[in-house]
Amino acid sequence: MTPDGAVGYPMLFLLVLAGALVPVIPTGALVSSGAVVAFHHGAPGVTLGVELLVASTAAFLGDVALYSLGQRGMDSRGGTRWLERIRDRAPQERMEQAQDRLRRHAVAVLVLSRLIPGGRLPVILACLVAHWPLRRFVRGNAPACVVWAATYQVIGVLGGSLFDEPWKGVVAAVLLTLTISAAPAAWSHYRDR
């Protein structure tokens, strides 16, 4: 992402925001790719800083919107029944453990949930089930989004530093990001065999 491109940052913002709401968009790969381009730009420190701000803000706003929608849904008649079914299916001891971990390590749990592929939505659901107020979720989620964006930027910078041409770095960063994202599922599949 370069500051002279009027499309790059707004596009990154919109795609990361959409990816936070609809978790099929590979937002980590987008941030890594943007970091590769920023790394090869004339002022990488500035462009990486702006990209970090744009990506983490978009992720944060998307998570807050998703959490707000979840709260509204939980308070609705159908949502209350759905919540009761989730509570009935989950062992009480496990629910208490999850809520205790969230109480004691809120920021760490939210950071890890953002970094582990597929981990964000279950943790958001656990926060909803625990009836966290939006303000508490916001306080924990803000640093989680910054750490998430910075982590994927590091992946992009590492990929970009290996190659002289940005497009090769983008390909390397995307492949590395997708590999990291697929690793937990592959490990789970391997372990189940």
Q. Among the numbered criteria (1) within 29 Å of residue 100 (Cβ to Cβ); (2) more than 20 Å from the chain's Cα centre (by Cα), which single criterion is violated by residue 172?
A. (1)
Q. Given the structure, is residue 29 modelled with pLDDT under 90 and outside any loop (DSSP other than H, G, I, E, B)?
A. yes
(Q) Just the residues that are crowded, with 19+ Cβ neighbours inside 10 Å and free of Cβ contacts under 8 Å to residues at least 60 places away in the same chain, please, taken from the range 115-143. (A) 123, 126, 132, 140
Q. Can you name the residue in the range 144-172 that is closer than 22 Å to residue 54 by Cα and of a type in the set (Phe, Trp, Tyr) and is also most open to solvent (accessible area, probe 1.4 Å) among such residues?
A. 167
Q: Just one of (1) within 13 Å of the chain's Cα centre (by Cα); (2) closer than 18 Å to residue 146 by Cα trips up residue 50, so point out which.
A: (1)
Q) Among the residues of the range 53-100 satisfying the criterion of being among the polar types (S, T, N, Q) and modelled with pLDDT under 70, which is least open to solvent (accessible area, probe 1.4 Å)? A) 80
Q.
Looking for something open to solvent by less than 50 Å² (accessible area, probe 1.4 Å), among the β-branched types (Val, Ile, Thr) and at pLDDT 85 or above - is there at least one such residue anywhere in the range 2-11?
A. no
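The values are calculated or read from the model by the stated rules, or taken from the named source; none is laboratory data. Computed from a prediction, not measured in an experiment: that's the story for all the values here. Using ideal geometry, Cβ is built from the backbone for each residue, glycine included, and neighbour counts are taken over all protein chains shown. Just the protein is used for accessible areas: all its heavy atoms, side chains included, with ligands, DNA and RNA removed. Shrake-Rupley method; radii C 1.70, N 1.55, O 1.52, S 1.80 Å.
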